[in-house]
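A short reminder: the numbers here are calculations on the coordinates, not readings from a lab. Everything quoted here is computed from the prediction, not taken from an experiment. Cβ coordinates were reconstructed from backbone atoms using ideal geometry, including for glycine residues, and neighbour counts include every protein chain displayed.
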Amino acid sequence: MSAFADAGPALAGRLADVLKVDVPSVTAQTERFVYREISEAGLAKAVVALSGGIDSAVVCAMCALAMGPDNVVAVMLPYKSSSESSRTDARLMIERLGVQSAEVEITPMVDSFASMRPAAGALRMGNVMARCRMIVAYDFSAEVGGLVVGTSNRTETLLGYGTIFGDDAWAINPVDGLYKTQIRQIAVELDIPESILAKPPSADLWVGQEDEEDLGVSYEDVDKILYLLHDERRPPDEVKAMGLPAELIDGIVARVAKNAFKSVPAPVAELEL
């Protein structure tokens with residue numbers, strides 16, 4: 001059941017409207033952004049870690065439009081437990097876009113680390129996988145003369161749903177200002193394959209992992225709540241008074257506050273010498 005079941009259709013409808021994006025305009029802006037940033041860096045290529053999910057698929061398509069398919073390197077970085085559907089969908093995107101590609105199995109890197117840190121649980125090893133993937137992506141950027149293009153969205157950034165120096169590492173990011181549901185709107189217009197659109201969002205960090213199950217709320221609902229809290233700057237109590245579950249609002253507020261450090265530059269001491 002939606003968290004907005006008791007909030008009334010008017011509120012849910014208004015929020016659905018404000019979260020709608022002008023896809024042609026957004027796509028054009030992101031194309032210009034990607035081309036400008038890569039060109040001004042004196043480089044010519046975009047490197048995208050392609051997971052088989054919707055976010056990286058959209059970013060890869062944007063980069064292909066901006067730079068031309070020959071100047072995009074899509075790097076597939078599976079672990080031994082990665083779902084086969086992720087690999088299949090990543091390869092489908094590469095074929096559809098006609099971009100350059102490479103595949104590097106990160107299993108030896110991750111398992112070597114795991115052998116030294118046997119007490120690390122699934123969450124910590126998921127962070128290790130994310131960081132190993134970015135090691136490889138950045139090495140490719142050095143090899144081909146390009147920038148690593150990030151794929152994390154605004155929902156993930158606000159919730160801290162990412163790994164510092166892992167999927168939260170990038171040289172540029174064209175979609176960090178877009179909520180997850182807005183990226184889905186763009187994906188439909190960019191003709192992203194149905195197999196990618198239909199699959200449950202997952203960071204593929206362990207077998208059976210799904211984002212919305214971890215979050216305890218659908219992306220559709222959490223995006224609306226984040227919009228109320230951050231774009232409209234409404235106090236949590238006001239959002240609760242709209243008929244939304246108090247426990248859910250408190251959980252989201254606490255999660256954003258706990259993870260805020262991930263989305264700001266690391267503090268550097270200003271010393272008087």
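The figures follow:
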read-out	value
The chain - charge dipole about Cα centre, Lys and Arg +1 at Cβ, Asp and Glu -1, debye rounded to 20	240 debye
Count of Lys pairs (Cα-Cα under 18 Å; at least 8 positions apart or interchain) in the chain	5
Net charge contributed by nearby residues that have their C-beta within less than 14 Å of residue 17 (K/R +1, D/E -1)	-2
For the chain, built as a Gaussian network whose Cα springs stay under 10 Å, the top-fluctuating residue of 109, 67, 93	109
Counting DSSP beta bridges with both ends in the chain, the antiparallel % (nearest 5)	0 percent
For the chain, built as a Gaussian network whose Cα springs stay under 10 Å, the top-fluctuating residue of 220, 31, 189	189
0 to 90° range, to nearest 10: angle between helix 180-189 axis and the chain longest Cα axis	60 degrees
Coordinate range along principal axes, alpha carbons of the chain, Å, largest first	54, 54, 47
Fluctuation leader among 217, 73, 149 - the chain, Gaussian network, Cα springs under 10 angstrom	217
Principal axis dimensions, region 5-100 - Cα atoms, whole angstrom, descending	48, 38, 21
Net +/- balance of residues flanking residue 111 in space, Cβ distance below 12 Å, scoring K and R +1, D and E -1	+1
From the C-alpha gyration tensor of region 139-265, square roots of 5λ in Å	27, 18, 14
Prolate/oblate/rounded label for region 215-264 (Cα gyration tensor, a/c 1.5)	prolate
Extreme residue, positive dipole direction of the chain, given options 46, 178, 217 (C-beta unit charges)	46
Cβ-defined net charge surrounding residue 161, 10 Å radius [Lys, Arg +1; Asp, Glu -1]	-2
Signed unit charges on C-beta, dipole axis of region 22-208, positive-most listed residue 138, 201, 122	122
Base-10 log of normalised Debye intensity for region 67-179 (one unit scatterer per alpha-carbon) at q = 0.11, 0.15, 0.16 Å⁻¹	-0.39, -0.74, -0.84
Angle between the chain longest axis and helix 23-40 axis [Cα atoms, degrees, rounded to 10]	40 degrees
More than 21 Å apart - percent of Cα-Cα pairs taken over region 63-130	39 percent
